[in-house]
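Asker: I am attaching a structure below and will ask some questions about it afterwards.
Bear in mind these aren't lab numbers, they're just calculated from the coordinates by the rules spelled out. Not measured: the values here are computed from a predicted model. Glycine also receives a Cβ, built like all others from the backbone with ideal geometry; neighbour counts cover every protein chain displayed.
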């Protein structure tokens, strides 16, 4: 896609010429820790009620939860995602590198990716790619770090999830999927 990142200009006096090219700059990276209040929000234990589980057993936090944590820690408008590359669109995937910038400082850089199934789905996949990069950048801030801790995942599954045998309502294929204990089996599956 022809969507090269824009050229950004900032006003702060501590930035040379008031200009930071976030597509290439590492300005502010590790310059100082964020406030204790922001750190407490970013490093807070994840609420198990916020955690979802995919049918294959992978646990995750919905992207809106990451946005809420960033808004709470830095304030709405106090953080943003900056494209650092053009979007790469293959036959089934969109990928792009983004930088997470908070309070005028680079925090993390990560590549997002999202699959799509028809050309009509590329715009939605582009947004999904951005959200995926945000989630990956948040790992560097310690947000929801439990989701990458095997011991925490095992405890979560034991307390909040279950595996159930299901049949796919279209293909009739039988398999075992994971769901939260407080959820029901939903379309396209039915419990067997």
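Asker: If you take the square roots of the eigenvalues of the alpha-carbon gyration tensor of segment 129-174 and sort them as a ≥ b ≥ c, do you get rounded (a/c under 1.5), prolate (a/b over b/c) or oblate?
Answerer: Judged from the Cα gyration tensor, segment 129-174 comes out oblate (a/c at least 1.5, b/c at or above a/b).
Asker: In whole angstrom, how long is each semi-axis of the equivalent ellipsoid of the chain, when you take the square root of 5 times every eigenvalue of its Cα gyration tensor and sort them from largest down?
Answerer: 36, 23, 11
Asker: If you average the C-alpha positions of segment 32-104 and of segment 141-189 separately, how far apart do those two centres end up, in angstrom?
Answerer: After rounding, the separation between the Cα centres reads 22 Å.
Asker: With the Cα gyration tensor of segment 95-145 giving a ≥ b ≥ c as the square roots of its eigenvalues, does the rule (a/c under 1.5 for rounded; else a/b larger than b/c for prolate; else oblate) give rounded, prolate or oblate?
Answerer: The shape class here is prolate.
Asker: Please sort 179-189, 128-138, 34-44 by packing, taking for each peptide the average over its residues of neighbouring beta carbons within 10 angstrom, highest first.
Answerer: Per-residue mean Cβ counts within 10 Å order the peptides as 128-138, 34-44, 179-189.
Asker: Averaging sequence separations of C-alpha pairs under 8 Å and six or more residues apart, then dividing by the length of the chain, give the relative contact order as a whole percent.
Answerer: Dividing the mean separation by the residue count of the chain yields 19 percent.
Asker: Still on this structure, please answer the following. Take segment 64-122, compute every pairwise Cα distance, and split them into 5 Å bins from 0; I just need the percent in each bin.
Answerer: 4, 18, 21, 19, 16, 13, 8, 2
Asker: Angle check, please: helix 122-140 long axis (alpha carbons) against the longest principal axis of the chain (alpha carbons), in degrees 0 to 90, nearest 10.
Answerer: The two axes meet at around 80 degrees.
Asker: Okay, next question. Decide, for segment 40-98, between rounded, prolate and oblate: order the square roots of the alpha carbon gyration tensor eigenvalues as a ≥ b ≥ c, take rounded if a/c falls under 1.5, and otherwise choose prolate if a/b is larger than b/c, else oblate.
Answerer: oblate
Asker: Sort largest first and round to whole Å: the equivalent ellipsoid semi-axes of segment 149-192, each the square root of five times a Cα gyration tensor eigenvalue.
Answerer: 24, 10, 7
Asker: How do 112-121, 97-106 rank on mean C-beta neighbours within 10 Å, highest first?
Answerer: Descending mean neighbour count gives 97-106, 112-121.
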